[in-house]
Amino acid sequence: MASHDKFFWSGLWIFTVATSLASMIFMAWAFYQETAGRGALFIEPNKFIAAGELATVSTGMIALLLLFFRGLSQAE
């Protein structure tokens, strides 16, 4: 495998891990707020930032699927 391919897949892996960690931290906070009786309803009022957050989640999911299918093809 060429070094630029390794760099790409490593970067993709780092991006997915960072996105996943941020999502887990946010969800842990939201669940904590729910159990403490203070609902954590958060609606982003800025449409530009909300679109950026949605794009981050979407690209993170696509990256996870790419890594998953790449792992499947290497296992064979």
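Odds and ends about this structure:
- Scan of region 7-35 for residues that are open to solvent by less than 50 Å² (accessible area, probe 1.4 Å) and modelled with pLDDT under 80, ordered by number: 30, 33
- Residue 46 meets the conditions (1) farther than 27 Å from residue 66 by Cβ; (2) at pLDDT 75 or above; (3) open to solvent by less than 60 Å² (accessible area, probe 1.4 Å) in every case but one. The failed one is (3).
- Cβ pairs under 6 Å, 6+ apart, first in region 1-18 and among the aliphatic types (A, V, I, L, M), second in a helix (DSSP H, G or I): 12/63
The values are calculated or read from the model by the stated rules, or taken from the named source; none is laboratory data. Note that the structure is a prediction, hence the values are computed from the model and not measured. Note that we place each Cβ from the backbone using ideal geometry, even for glycine, and neighbour counts take in every protein chain shown. SASA here: full protein model, heavy atoms, side chains in, ligands and nucleic acids out. Shrake-Rupley method; radii C 1.70, N 1.55, O 1.52, S 1.80 Å.
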